[in-house]
Each structure stands twice: as C-alpha cells, then as structure tokens.
Amino acid sequence: MSIEIDGIHKAFGANQVLRGFSVEAREGETLVILGHSGSGKSVTIKHVVGLLQPDEGEVRVDGERVGGMDIEELFSLRRKVGFVFQFAALFDSMSVADNVAMGLRRMKEVSDEEREERVREALRVVDLVGFEDRAPSELSGGQRKRAGIARAIATRPGYLLYDEPTTGLDPITRAVVDRLINRMKDELGVTGIVITHDMESAFRVADRLAMLYEGKCRLEGTPDEFRNSEDPVVRAFIEGRPELMEEAE
Ligand SMILES: Nc1ncnc2c1ncn2[C@@H]1O[C@H](COP(=O)(O)OP(=O)(O)OP(=O)(O)O)[C@@H](O)[C@H]1O
Ligand SMILES: [Mg+2]
C-alpha cells in the first residue's frame, strides 16, 4: 500500500516542468511535498489520480500503474484516492451537502440512507454541521477548504492528496486543518500527500518530506533531516531566505 512516483517527466510545450521526479508515500504516513511556486507540485499530484499523464516514468498506487488505466479502473482509483484541490473546486450551483455527497452518488453500493449518514459524518469531522444547505459562495475561505476536505473524505479513501490545504487561512484555522490531516492518518489510517509552502504546517503534519526543485527530488527525508540539512536550496526554502540560494550556484 503506497503511492510511488517513479521518475516522472512532464513538459507543457517548451516548459519542462518535471525532469525525473521520484518520491514515495508509504503506507500510513503523511508525506509533505515542498517546492517553490510553479515548481510542479500540483502537476505532480494530478498524475496520481490520472488527471495528467507523464511523458516518461510512471506513478503506481498499490502497485498498479495509473498511466495504463481505463475509465473503470480510474473510477475505482478515484474512490481510493481523495483529492483536496488547491482552490476548493466546489460546485456553486449545489449545496454544501450535495457537494460532499457527489462522490458517494457514484457508488452504487451506498444506499440513500447511508449516503446521508456519511455526509453528516464528514461534515461533523470538519466542523461544518449546520452548513448543509448553504451554497459554497456563502462560505468563508476556511469553511470552503473544510468543505473540500469533507467531500474528499466522504468516500472513506485510503489515500488523501491535499493541495495547499492551509494556504490563505488564519493561524487558528490552519492549525485546525492540520489537526484534521493528522486525525485522518491516526484514526482512519490514511496515507497522505500534502503539498504546501507553509513550513509551520509542513512540520506539524509530516512524517517525511520531499523537496521538488528544478523538476527533481532535491531531498527526501524526515523532519529532522530537513531541519539539519546543509543544502542551501533546502535551507533557503525552509527558512524563507532566498539569499542563501546564491551559495547553491
Ligand atoms: N495544464 C497546463 N498546461 C500548461 N502548463 C501548465 C499546466 N499546468 C501547469 N502548468 C505549468 O506547469 C508549471 C508548474 O505548475 P504547478 O501548478 O504544478 O505549480 P505549483 O508548484 O503547484 O505552484 P503553486 O505553489 O503556485 O501552486 C507552471 O509553470 C505552470 O504554468
Ligand atoms: Mg499548486
């Protein structure tokens, strides 16, 4: 049980974004992927659910290659892998409850009753009970993020991918979201990938981290290995001190 990102290359026209990026999220851990804006973090995790196909290399979930999947296999993959999008991506024409129920409606084995119960449970977990009938446009940014998490967990996936779950939130709400990520892991055994450039959050949730830099993995390791790294590229990033990068040239 793992997500293996194995030497993926991805270009958009002349823009070579990924150049052989490899990293693994092991069973039951939270892996944090760090990297500058535009470095290819969102592009990377879109490969995990088959929203993008690599030019070279492959992604495997539970040992199965995502690239070769047909529509049916992609459906069952997306049931296993919940995705919390960078920009919530809720449907504004639908209520919060209907947004959360969306993935469950595709699961024929889930009865109407069970679906309602799971929606209630997911909203309880993210502390949005009472917001069922609101439109997403009537929520604050933090509430929208939490609704996006509720939608991702409603199908009870074994894997969760979080793209910048705390960006733009106040410190308290960030801590709440981080705690939620940790609960998913501790209570439900979820294997997670979290993308962030918020270092405080990163160290709160990470079992291990990986830094994506110039299309490749610059460092993969434990929080202590990151804190103690002497690589100027890593130091510059985690300390927010771009001047350190000059030493890397
Ligand atoms: N569908 C696409 N078509 C063309 N270029 C794309 C596409 N998606 C992403 N890119 C480009 O790929 C690069 C990496 O984008 P990506 O969204 O992965 O960055 P990121 O690391 O997630 O950044 P941020 O921290 O700002 O979210 C950027 O230069 C972006 O413009
Ligand atoms: Mg991104």
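Throughout, read-outs are computed from the coordinates displayed, never taken from laboratory work. What you are looking at is a predicted structure, and each value in this text was computed from that prediction instead of being measured. Glycine also receives a Cβ, built like all others from the backbone with ideal geometry; neighbour counts cover every protein chain displayed.
A few points about this structure:
- Here's how it looks for VAL194: its modeled amide H is under 5 Å from those of LEU31, VAL32, ILE33, TYR162, which are all 5 or more places away or on a different chain.
- Computed FRET value (nearest 0.05) for SER22 with GLU225, which takes r as the C-beta separation and R₀ as 22 Å: 0.85
- If you run the Gaussian network model on the chain, springs between alpha carbon atoms under 10 Å, then out of THR173, THR44, THR191 the most flexible one is THR173.
- Stokes-Einstein diffusion coefficient of the chain, Kirkwood radius over Cα pairs, 20 °C, 1.002 mPa s, in µm²/s: 115
- Coarse-grained scattering of the range 4-148 at q = 0.11, 0.19 Å⁻¹, given as base-10 log I(q)/I(0) from a Debye sum over alpha-carbon atoms: -0.53, -1.19
- Top positive-direction residue, dipole computed over the range 2-248 with Cβ charges, set LEU212, GLY68, LEU180: LEU180
- Contour excess over end-to-end distance, with Cα ends at ASP62 and ARG120 and 0.36 nm allotted per residue: 17.9 nm
- Cα long-axis angle, helix 171-188 against the chain (0 to 90 degrees, to the nearest 10): 80
- Note on the chain: with a GNM built from Cα contacts shorter than 10 Å, the maximum mean-square fluctuation among ALA101, ALA11, ALA150 falls on ALA11.
- Cα-based helix-to-principal-axis angle, 112-125 vs the chain, degrees rounded to 10: 50
- Ratio Rg/Rh, restricted to the range 97-233 and using Cα atoms, in which Rh is the Kirkwood radius: 1.03
- Fewest-first ordering of VAL32, VAL81 by other beta carbons within 10 Å of each residue's beta carbon gives VAL81, VAL32.
- Scalar couplings 3J(HN,Hα) for the range 35-44, obtained by applying the Karplus form with A = 6.51, B = -1.76, C = 1.60 to θ = phi - 60°, are x, 5, 4, x, 6, x, 5, 5, 4, 4 Hz; x denotes Gly and Pro.
- Seen against the Cα atoms of the chain and their longest principal axis, helix 71-80 is set at about 90 degrees.
- When the chain is treated as a Gaussian network with alpha carbon springs shorter than 10 Å, the biggest mean-square fluctuation among VAL194, VAL66, VAL233 belongs to VAL233.
- Per-pair calculated FRET efficiency, R0 = 41 Å: ASP186 and ASP70 via Cβ, rounded to 0.05: 0.70
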